[in-house]
1. How much net charge surrounds residue 52 when only the other residues with a Cβ under 14 Å from the Cβ of residue 52 are counted, with Lys and Arg +1 and Asp and Glu -1?
2. Residue by residue through the range 136-141, which ³J(HN,Hα) values in whole Hz follow from phi under the Karplus form 6.51 cos²θ - 1.76 cosθ + 1.60 (θ = phi - 60°), with glycine and proline marked x?
Amino acid sequence: VQRESRDLVTRFPANKELMLSLADCQYWSGDYRAAADIWKRMGAQNSLTSVAQDRFADALLKMDRPEEALQLCLAASGPLTSLRCAVVLESEVAIAGEATSGSSGFTEASHEAAVREALQFAQPDERLIWAVVRRLKEGQPSQLLSYLESHREVLAVNPDLQLELADLYFARQEFERVAPLIAELTDGTGSEELKKSREERVQFLKARSLA
């Protein structure tokens, strides 16, 4: 598909739909730099769709350019999407992690509106839920707890998200809620290393909650 799209773009360089198609092919194949180059050229011509803007920002984030990804999201047109919201939150976390001031990092670069909008998504996908977890885990555990409890249907098929909820209950010393949640956990998916790490966390929480 990539080769066919590239050939067509060479033949019809002014065709915006073909350019977008090629960028999408590069994006989904993991060649974020090539996709970003196309979207950058199209952006200069004001030819980007809202979907392309979101994927452009995601590509920049995956290329370790969170500041650019964040600015692109904040300037993007169209309604806020799950992907754009996730990219904003993930970019903020990445920027905060690079901060050297010793603070949380969520000061001037923080956009609480994005957090509020993320919490309002009725059916967030798994990526957005994880973005909310990482954004709220340190400073707003109570808000995170309420958020995770409201999306138990997603947690039911994701053992690692269930463990995040169990950690929050444990931190609040609500041990009676930790035990039944742990009992629901299964091995889930992932590498053997990930499964082992998950099992270690389960056993630790189980032992501490029974102590």
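1. Details: positive: 16, 40, 41, 55, 84; negative: 17, 24, 37, 54, 58.
That sum, taken over residues with Cβ under 14 Å, equals 0.
2. Each residue of the range 136-141 in turn: 9, 4, 7, x, 9, x Hz.
Each reported figure results from applying straightforward, stated rules to the coordinates on display, with no laboratory input. Computed from a predicted model, the values in this text were never measured in an experiment. Quick reminder, even Gly has a Cβ in these numbers, built from the backbone with ideal geometry, and neighbours come from all protein chains shown.
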